[in-house]
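Take a look at the structure below.
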Amino acid sequence: MKKGYIGIDIGSISTKGVVVDEKNTIIASDYLWTEGDPMNAVKRLLKSLEKQIKGKDIKVVAVGTTGSARKLIGAVTNASVVKNEITAHAIGTTTLYPGVNTIFEIGGQDSKIIIIENGYVVDYAMNTLCAAGTGSFLSSQAHRLGVSVEDFGSIALTSKQPTNIAARCTVFAESDLVHKAQMGHKKEDIIAGLCKAVVTNYLNNVGKGKRIKAPIVFQGGVSKNIGVKKAFEDAVGCEVTVDANGHLMGAFGVAILAKKSGIERDFDFNITALDFKTKGFECPKCANHCEIMCVYRDNKLIDSWGNKCDNGAIRVNN
Amino acid sequence: MTKVNEEIVACFPQWGNYSHAFKFLIERGFGVKYMTPPPITRRTLELGSRHSPDYVCVPFKYCLGCYLEALEQGANCLMQIFGACRLNYYGELAEQILRDLGYQFEFMNMAEIKWTSPRSIVEHMRKINPNVSIAKVVAALPTMVNMIKLIDKFDDFLRHNIGFEVNEGDFENLAKEFYASLYNIQSGKQLKRIKKDYLRRLKKIPVNKPAKTLKVGMVGDYYTVQEPFSNYYMEKELAAMGMEVYRDMNLTNTLIHNQWKKRHRFAKKYAKFNPGATATFTISEALSYVKQGMDGVIQVKSFGCTPEVDSMPILQNISNDYRIPILNFSFDSQTSETGIKTRLEAFYDMVIARKNTGKGEKA
């Protein structure tokens, strides 16, 4: 019987999961769409992971969660570790690339930059104010241009003269893109221009003032887009590494953290069959109107959060 | 515009823990009733945002929301201070917005006072109370100043220690009691007793403080760094993670013992000229924190605060030179709390890993 550790990264757009063994090797993984329902996405994910490790004699002893729904899923899976995605990504990446100095990460709704020195995070920045230049922006623009987002990168590479696109803001980028298309610019040039715009926006925004030093690893869903990777390499003037598992790095990192935590808890894949419910409500006890979230397993309250003061505290009776 | 014979009820917007000190000055000095502004809640911000220009800096929205709630509850004389930035327009703009909404009130706008002209000062003081006695106001000033100093002293100690309390809630309970005791202070003598009593009790609270702690310094614009609601109770969050929090920006260090010259000189290497408002303080405080060997600095600012935006690249230089992380937070009326939590947690992971206390995980 080997020990296994699950890492789950529940992002706004996609849900990622891995099972690693004691040597940090990924034995199972999956990547699927969150579709606005993290609970269901995780159930689907766990089913898939269970299928992949079936018959391999692995016992899951710890779970780690990260991503924007980390708290909710952490409660549901009784996770040993609930960690923010910045640390999770840093841990995952430095495990695979110990010498890395800079991590570029562009996900569905946010983008971040992590600066690492001698294996330690020394600086980071995260863009949460606006979605310009993130995955959701690219996929909506791909849709507008009538190409699938998966082909976006390869089409971009065929361009010889990328069109200039104003990408400071999603709304302006969109109108500029329509304008350039109506002017007669070729589709591949516009697509390459968009990739370039994403990179310019990223470097001017989250990357502003940061010491960007090679080796650089680029990850997150958008790293699968070779057009953006190429645009990054042109902009920073050195090679940018994209790992085949780059999209799983957050999940991988948090699985390692779960392993390192040493907290082992019984985990049963059966939770996919259990009924989890969440109930959100506004606390009426003062004018703060905190949004309180309660999580129920089979109609029994297992966790709640969101209150700013004791008036809104809901105690779990065990 | 207060109606004749109507009792005057003055109010200054909610700002940190100072309201009791203002109350003392207004009631003892000016001789009119003071309304402690209702605590800031989400409703305050919603009210303020609804009636403010969208792109105004957030402190204005808080102030306006506070005025609206105070007017609802019967205040009829509002006040606003002056400053070295848009703050100078706050009073005029808020007054106009409130008048347009149909409210009747007196407005004492300190930005309109000509401070070199005693006549102008007295004229404006009469707005609060037409029969004001200057002698009484002057007599009340020292106690108010001492009260502010005491509040700052108390809060400083709290910030340094609350993260290490043995019994959860000890500090907060004492703080609540302390502020309540300031509510009805009648004299300087009484204040002295309170000072002795509470500082003694404060220092007696059991703490479990290791020899080496994680220290973090807070800098930022005047309002955001001082009003806990507007920075999402960041000091509390940091303390809950087990950090010692430092914050030099308070009334004692700015109005009472104005350190501007000293601060400006200290920051000279990084900022030859003053970027305006509190930016020099921000830069100089951040520099002094890193020189004192703190583990990190956090800058909180309201979205669109130009002087603080100008200080960001300078802070980045300090961070690069001293190799200490400096994190920036911009707050708007529509900030996502999840984003703040994520970055704060990552900040904690980062400083603890750097400190290498053994608890942090090597990335």
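The values are calculated or read from the model by the stated rules, or taken from the named source; none is laboratory data. Here the structure is a predicted model, which means the values were calculated and not measured. Don't worry about glycine lacking a Cβ; one is built from the backbone with ideal geometry, like all the others, and counts go over all protein chains shown. With ligands, DNA and RNA removed, areas are computed over all heavy atoms of the protein, side chains included. Shrake-Rupley method; radii C 1.70, N 1.55, O 1.52, S 1.80 Å.
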Self-check item: Selection count where residues are farther than 19 Å from A:Glu239 by Cα and either facing chain B (nearest Cβ under 9 Å) or more than 14 Å from the chain's Cα centre (by Cα) (or both), scope the range A:91-111
Solution: 3
Quiz prompt | Residue list for the range B:308-338, filter: in contact (Cβ under 8 Å) with a residue 12 or more places away in the chain, charged (D, E, K, R) and in a helix (DSSP H, G or I) | solution = B:Glu308, B:Asp310, B:Glu337
Quiz item: Which condition breaks for A:Gly253 when tested against (1) under 15 Å from the mean Cα position of the chain (by Cα); (2) not polar (S, T, N, Q); (3) not in a helix (DSSP H, G or I)?
Solution: (3)
Practice problem: Test each condition in (1) open to solvent by less than 50 Å² (accessible area, probe 1.4 Å); (2) within 14 Å of another protein chain (Cβ to nearest Cβ) for A:Thr272 and report the one that comes out false. | Solution: (2)
Quiz prompt | Flag if B:Lys153 is open to solvent by 40 Å² or more (accessible area, probe 1.4 Å) and either in contact with a Phe, Trp or Tyr (Cβ under 7 Å, 6 or more places away or on another chain) or free of Cβ contacts under 8 Å to residues at least 24 places away in the same chain (or both) | solution = no
Exercise. Of all residues in the range A:150-161, count the ones that are touching a Lys or Arg at 6+ places or on another chain (Cβ under 9 Å), open to solvent by 60 Å² or more (accessible area, probe 1.4 Å) and not in a helix (DSSP H, G or I).
Key: 2
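For A:Asp176, are the conditions met, namely being out of contact with any Phe, Trp or Tyr (no Cβ under 8 Å at 6 or more places or on another chain) and touching a residue at least 12 places away in the same chain (Cβ under 8 Å)?
no
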Exercise. Report yes if A:Glu282 is in the same structural domain as A:Asp30 (by TED's automatic domain parsing) and open to solvent by 30 Å² or more (accessible area, probe 1.4 Å), otherwise no.
Key: no
Quiz item: Considering only residues of the range B:8-35 that are in contact with a Lys or Arg (Cβ under 6 Å, 6 or more places away or on another chain) and of a type outside the set (Phe, Trp, Tyr), which is farthest from A:Pro284 (Cα to Cα)?
Solution: B:Gly29
Quiz item: Taking A:Ile27, is it outside any strand (DSSP E or B) and either open to solvent by less than 30 Å² (accessible area, probe 1.4 Å) or without any contact (Cβ under 8 Å) to a residue 60 or more places away in the chain (or both)?
Solution: no
Quiz item: When B:Gly29 is evaluated against the numbered criteria (1) of a type in the set (Gly, Ala, Ser); (2) under 21 Å from B:Leu87 (Cα atoms); (3) open to solvent by less than 30 Å² (accessible area, probe 1.4 Å), which criterion, by number, is the only one it fails?
Solution: (2)
Self-check item: Options A:Lys196, A:Lys229; residue that is in the same structural domain as A:Val121 (by TED's automatic domain parsing), in contact with a helix residue (DSSP H, G or I) (Cβ under 6 Å, 6 or more places away or on another chain) and crowded, with 18+ Cβ neighbours inside 10 Å
Solution: A:Lys196
Quiz item: Quick one: how many residues across the range B:80-102 are without any contact (Cβ under 8 Å) to a residue 24 or more places away in the chain and not basic (Lys, Arg)?
Solution: 8
Quiz item: Within the range A:162-184, can you find the residues that are among the basic types (Lys, Arg) and not in a loop (DSSP other than H, G, I, E, B)?
Solution: A:Lys180
Exercise. Using the structure shown, decide if A:Ile114 is part of a helix (DSSP H, G or I), among the hydrophobic types (A, V, I, L, M, F, W, C), open to solvent by less than 20 Å² (accessible area, probe 1.4 Å) and within 12 Å of chain B (Cβ to nearest Cβ).
Key: no
Self-check item: Some residue of the range A:5-15 being over 28 Å from A:Asn299 (Cβ atoms), assigned to a loop (DSSP other than H, G, I, E, B) and of a type in the set (Asp, Glu)
Solution: no
Quiz item: Can you tell me which residues in the range A:292-305 are more than 14 Å from chain B (Cβ to nearest Cβ), assigned to a strand (DSSP E or B), within 15 Å of A:Met39 (Cα to Cα) and open to solvent by 30 Å² or more (accessible area, probe 1.4 Å)?
Solution: A:Tyr296, A:Arg297, A:Ile302, A:Asp303
Quiz item: Which of (1) within 25 Å of A:Gly67 (Cβ to Cβ); (2) in a helix (DSSP H, G or I); (3) away from chain B (no Cβ under 14 Å) is the odd one out, the single condition A:Lys230 does not satisfy?
Solution: (1)
Quiz item: Here are some conditions: (1) away from every other protein chain (no Cβ under 14 Å); (2) closer than 30 Å to A:Glu22 by Cβ; (3) surrounded by fewer than 20 Cβ atoms within 10 Å (Cβ to Cβ); (4) not basic (Lys, Arg). A:Ala79 meets all but one. Which one does it not meet?
Solution: (3)
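Per-residue answers, yes or no, for (1) in a helix (DSSP H, G or I); (2) under 17 Å from the mean Cα position of the chain (by Cα); (3) free of Cβ contacts under 8 Å to residues at least 60 places away in the same chain:
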| residue | (1), (2), (3) |
| --- | --- |
| B:Ala10 | no, no, no |
| B:Glu27 | yes, no, yes |
| B:Arg43 | yes, no, yes |
| B:Tyr55 | no, no, no |
| B:Tyr62 | yes, yes, no |
| B:Ala75 | no, no, no |
| B:Leu78 | no, no, no |
| B:Gln104 | no, no, no |
Exercise. Return yes or no: is A:Ile58 more than 27 Å from A:Asn127 (Cβ to Cβ), surrounded by fewer than 17 Cβ atoms within 10 Å (Cβ to Cβ) and in contact (Cβ under 8 Å) with a residue 24 or more places away in the chain?
Key: no
Practice problem: Return a yes/no flag: does the range B:167-183 have any residue that is assigned to a helix (DSSP H, G or I), touching a residue at least 24 places away in the same chain (Cβ under 8 Å) and more than 26 Å from A:Lys308 (Cβ to Cβ). | Solution: no
Exercise. Please state which of the following conditions A:His289 fails to meet, knowing it meets all the rest: (1) touching a residue at least 40 places away in the same chain (Cβ under 8 Å); (2) open to solvent by 50 Å² or more (accessible area, probe 1.4 Å); (3) within 11 Å of another protein chain (Cβ to nearest Cβ).
Key: (1)
Quiz item: Name the pairs: first residue in the range A:144-155 and over 23 Å from A:His179 (Cβ atoms) and assigned by TED's automatic domain parsing to the domain that holds A:Glu233, second residue open to solvent by less than 60 Å² (accessible area, probe 1.4 Å) and modelled with pLDDT of 85 or more, Cβ to Cβ under 6 Å, at least 6 apart or on different chains?
Solution: A:Gly153/A:Asn225; A:Gly153/A:Gly227
Quiz item: Got a number for residues in the range B:42-52 being open to solvent by 20 Å² or more (accessible area, probe 1.4 Å) and closer than 26 Å to B:Ala180 by Cβ?
Solution: 2
Practice problem: Residue by residue through the range A:30-53, note down the ones that are on the phi < 0 side of the Ramachandran plot, outside any helix (DSSP H, G or I) and either among the basic types (Lys, Arg) or open to solvent by 40 Å² or more (accessible area, probe 1.4 Å) (or both). | Solution: A:Asp30, A:Tyr31, A:Trp33, A:Asp37
